[in-house]
Amino acid sequence: MAATQTHTDVANRLRPALLKLARELRRESHALGVTGGQVTLLIQIHRNRGIGVNELAARERISAAAMSKHVARLERAGLVRRAQHEADGRRQSLSVTEEGERVLRSVKSRRTAWLAARLKELEPAELEAIDAAIEPLVQLLEDE
């Protein structure tokens, strides 16, 4: 980092780029009839099969009541199913349906194609710079 460039300077340049990237990727999921937030929840449920609404709410840092409404929408859309928890009959566990899995595959495919098309327009040195930045960005985004 240049001596005159501070962490705040980098953050001020990086933030709008990440926001625009996130917005563009969300648009790719909207074309499939799901919101970016719904895709995020589907991914969490897919990765954590059997997760409950309360734990999902805690991970996403929203209230359990709000999460219950989000899950109900996914359930009505046929993307998620609730079942009685095997170990604790008072709890419900969530899983992604076959339709939800199909949506996740489609979203991933569309997003990857969108990114690949844009990366293809870069010079080799620019592509290498982005590749080198991936690991540090992943570290920034890892859960605390």
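The values are calculated or read from the model by the stated rules, or taken from the named source; none is laboratory data. Remember, predicted model here, so these are calculated numbers, not experimental data. For neighbour counting, all protein chains shown are included, and Cβ atoms are generated from backbone atoms with ideal geometry for every residue, glycine included. Note: accessible area is taken over every heavy atom of the protein model, side chains too, but ligands, DNA and RNA are not part of it. Shrake-Rupley method; radii C 1.70, N 1.55, O 1.52, S 1.80 Å.
Points to keep in mind about this one:
- Compared with the dominant principal axis of the Cα atoms in the chain, helix 36-47 is inclined by about 70°.
- Cα gyration tensor shape for the stretch 35-84, rounded if a/c is under 1.5, else prolate or oblate: rounded
- The trypsin sites (Lys or Arg not before Pro) of the stretch 39-144 that meet both conditions, a loop assignment by DSSP and at most 12 other Cβ atoms within 10 Å of the site Cβ, are Arg49, Arg61, Arg90, Lys120.
- Label-to-label distance, nm, for residues given as Ala117 and Arg47 (7 Å Cα→Cβ offset): 2.7 nm
- Helix axis angle, 98-119 relative to the chain longest principal axis, alpha carbon, degrees: 0 degrees
- Counting only protein heavy atoms and a probe of 1.4 Å, the accessible surface of the chain is 53% carbon and sulfur.
- Per residue accessible area of the chain, 1.4 Å probe, in Å²: 72 Å²
- Annotation for the stretch 49-126: GluC sites (Glu not before Pro) lying in DSSP loop with at most 16 further Cβ atoms inside 10 Å of their Cβ are Glu86, Glu121.
- Our helix-only sum for the chain, with -39,500 (n - 2.57) per DSSP H run of n ≥ 4 divided by its residues, gives a mean residue ellipticity at 222 nm of -22500 deg cm²/dmol.
- Dipole magnitude of the chain, debye to nearest 20 (Cβ charges: Lys/Arg +1, Asp/Glu -1, about Cα centre): 820 debye
- In Å, descending, principal axis extents of the Cα set of the stretch 78-119: 49, 17, 9
- Angle between the chain longest axis and helix 64-76 axis [Cα atoms, degrees, rounded to 10]: 80 degrees
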